[in-house]
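Working notes for the structure below.
The values are calculated or read from the model by the stated rules, or taken from the named source; none is laboratory data. These numbers come from a predicted model, not from an experiment. Cβ coordinates were reconstructed from backbone atoms using ideal geometry, including for glycine residues, and neighbour counts include every protein chain displayed.
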Amino acid sequence: MQTSAAVLASPAPLYYEQLLPDDARGDPLVLVHGGAHTGACYRCTPDGRPGWAADFAAQGFEVLIPDWPGCGRSGYVPRDQLRGDLVVGGLCALVEHIARPVSVLVHSMSGPYGFKLLETARRFVPRLVAIAPGPPGNVQPLPAIIAETDDAIEVQALALQWRIPKAQDFLMDEQMVRVKLVGNGHRFPMDALDRYRASLVPLPARLLYERQNVQGSQLRLADDADLRGSRALMVTGTHDTDHPREEDERIARWLTEHGAGVDCVWLADRGITGNGHMMMLEDNSAEIAGMIGGWIRTAGG
């Protein structure tokens, strides 16, 4: 297998890695990380097992792993310019650089970026895998504002309260790590929690502000978006505190109403239980990667 790395310069610096197996077949697969992470979350698990990038490469996929613009290894972007539409622009540049159809996998906060790609880059993105995705602004309600000062705004969103700074990056505290990311399932390798915690990175506050849809800021698709010909798979674990089944099903209904073919997998329906938010790092990650790879192949990837 060949591995390489490169940086695209426009519309903002975007670093990506490529894994090219000797027996690559079908369309490439782009793995997009969620908030407070980088593409490194797909390269290995905290307890040292191969990550999803290796699992998918072993299935014959050419794998590309970007870091969001302004995050991780992608270089600096002024914080007043770092918004969701710039992240989408960087991902668009990557799929246009590949210049052939790809499957895109997004996780969590990258959900709206992936849904936007179905609209804006449909020539190159016919398939989307959304792992516990954040919703597009079309279906996400406004959060309840608990308090606001010159320094921060505090909001209630589903099961969690978020204190979003206005001038600094957001750092995951211990409660967020344990409740939001790890959850109360039994799949996360808790003996490797310190190594996982050390891998987390600052989250640009404006991107988190958008993720919580403060003042209706979440990325939206056009109200008349035509997603006919697109396919989407949504995957949710049984112990993901912030992703009750009905929330992801609401996203699926909206996509379906706009023409996309959508499959929802609540892992318990496949006999898979105990997974939280970071299923790509949990002890059955390879099993879930196999299920996802099979869907991509049957969906035409």
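Which pairs do you get when a residue that is in a helix (DSSP H, G or I), found in region 163-178, comes within reach of a residue that is crowded, with 16+ Cβ neighbours inside 10 Å and among the hydroxyl-bearing types (Ser, Thr, Tyr), reach meaning Cβ atoms under 9 angstrom, with the pair 6+ apart or on two chains?
So the pair list comes out as 177/196.
Which condition number does residue 79 fail, the rest of (1) among the basic types (Lys, Arg); (2) over 23 Å from residue 204 (Cα atoms); (3) modelled with pLDDT under 95 being met?
With respect to (1) among the basic types (Lys, Arg); (2) over 23 Å from residue 204 (Cα atoms); (3) modelled with pLDDT under 95, residue 79 is out only on (2).
All but one of (1) closer than 19 Å to residue 128 by Cα; (2) surrounded by fewer than 18 Cβ atoms within 10 Å (Cβ to Cβ) hold for residue 234; which doesn't?
(2)
Considering only residues that are touching a Gly at 6+ places or on another chain (Cβ under 8 Å) and over 27 Å from residue 219 (Cα atoms), look in region 156-191 and name the one that is surrounded by the most Cβ atoms within 10 Å (Cβ to Cβ). Please lay out each step first, then the result.
Pass one, region 156-191, residues touching a Gly at 6+ places or on another chain (Cβ under 8 Å): 181-188.
If we keep only those that are over 27 Å from residue 219 (Cα atoms) as well, we get 184-188.
Values: 184: 12, 185: 19, 186: 13, 187: 24, 188: 27.
That would be 188.
Could you list all residues from region 2-24 that are part of a loop (DSSP other than H, G, I, E, B) and loosely packed, with under 11 Cβ neighbours inside 10 Å? Break it down stepwise before answering.
Initially, region 2-24 is screened for residues part of a loop (DSSP other than H, G, I, E, B), giving 9-13, 21-24.
Scanning region 2-24 gives 9, 10, 22, 23.
With of a type in the set (Gly, Ala, Ser), within 17 Å of residue 220 (Cα to Cα) and touching a Pro at 6+ places or on another chain (Cβ under 6 Å) as the only criterion, which of 89, 84, 114 stands out?
Among 89, 84, 114, only 89 is of a type in the set (Gly, Ala, Ser), within 17 Å of residue 220 (Cα to Cα) and touching a Pro at 6+ places or on another chain (Cβ under 6 Å).
Please go through region 213-223 and give me each residue that is part of a loop (DSSP other than H, G, I, E, B) and on the phi > 0 side of the Ramachandran plot, ordered by number.
Across region 213-223, the qualifying residue is only 213.
Which residue, of 156, 212, is in contact with a strand residue (DSSP E or B) (Cβ under 8 Å, 6 or more places away or on another chain) and touching a residue at least 60 places away in the same chain (Cβ under 8 Å)?
Selected residue: 212, the only one of 156, 212 that is in contact with a strand residue (DSSP E or B) (Cβ under 8 Å, 6 or more places away or on another chain) and touching a residue at least 60 places away in the same chain (Cβ under 8 Å).
Looking at region 8-29, which of its residues are of a type outside the set (Phe, Trp, Tyr) and under 25 Å from residue 170 (Cβ atoms)?
Of everything in region 8-29, those that are of a type outside the set (Phe, Trp, Tyr) and under 25 Å from residue 170 (Cβ atoms) turn out to be 11, 12, 13, 14.
What is the one condition in (1) surrounded by fewer than 20 Cβ atoms within 10 Å (Cβ to Cβ); (2) out of contact with any His (no Cβ under 6 Å at 6 or more places or on another chain); (3) in contact (Cβ under 8 Å) with a residue 12 or more places away in the chain that residue 293 does not satisfy?
For residue 293, the failing item is (1).
Can you give me the number of residues within region 96-124 that are within 24 Å of residue 139 (Cβ to Cβ) and either touching a residue at least 60 places away in the same chain (Cβ under 8 Å) or in contact with a Ser or Thr (Cβ under 8 Å, 6 or more places away or on another chain) (or both)?
Residues meeting the conditions: 17.
Restricting to strands (runs of 3 or more DSSP E) lying wholly in region 58-139: which have 1 or more residues that are surrounded by 19 or more Cβ atoms within 10 Å (Cβ to Cβ) and of a type in the set (S, T, N, Q)?
Those strands (runs of 3 or more DSSP E) span 103-107.
Is at least one residue of region 267-274 touching a helix residue (DSSP H, G or I) at 6+ places or on another chain (Cβ under 6 Å) and either within 23 Å of residue 184 (Cβ to Cβ) or among the hydrophobic types (A, V, I, L, M, F, W, C) (or both)?
no
Which one is nearest to residue 200 (Cα to Cα), of the residues in region 1-52 that are of a type in the set (Asp, Glu) and touching a helix residue (DSSP H, G or I) at 6+ places or on another chain (Cβ under 7 Å)?
Our first condition is that a residue be of a type in the set (Asp, Glu); within region 1-52, this holds for 17, 22-23, 27, 47.
Still in the list and also touching a helix residue (DSSP H, G or I) at 6+ places or on another chain (Cβ under 7 Å): 17, 47.
Working: 17: 19, 47: 15 Å.
The extreme case among them is 47.
Within the set of pairs 6 or more residues apart or between chains, which connect a residue that is touching a residue at least 24 places away in the same chain (Cβ under 8 Å) and within 20 Å of residue 103 (Cβ to Cβ) inside region 42-58 to a residue that is in a loop (DSSP other than H, G, I, E, B) and polar (S, T, N, Q) with Cβ atoms less than 7 Å apart?
Partner pairs satisfying both residue conditions: 51/45.
If a residue must be within 15 Å of the chain's Cα centre (by Cα) and in a helix (DSSP H, G or I), how many such residues does region 187-212 contain?
4
Out of all the residues in region 240-249, is one or more outside any loop (DSSP other than H, G, I, E, B), closer than 27 Å to residue 69 by Cα and touching a residue at least 12 places away in the same chain (Cβ under 8 Å)? Give the steps one after another, and end with the answer.
First, the residues of region 240-249 that are outside any loop (DSSP other than H, G, I, E, B): 245-249.
Filter once more, keeping what is closer than 27 Å to residue 69 by Cα: 248.
Keeping just the survivors that are touching a residue at least 12 places away in the same chain (Cβ under 8 Å) gives 248.
Looking for residues that are outside any loop (DSSP other than H, G, I, E, B), closer than 27 Å to residue 69 by Cα and touching a residue at least 12 places away in the same chain (Cβ under 8 Å), one finds at least one in region 240-249, hence yes.
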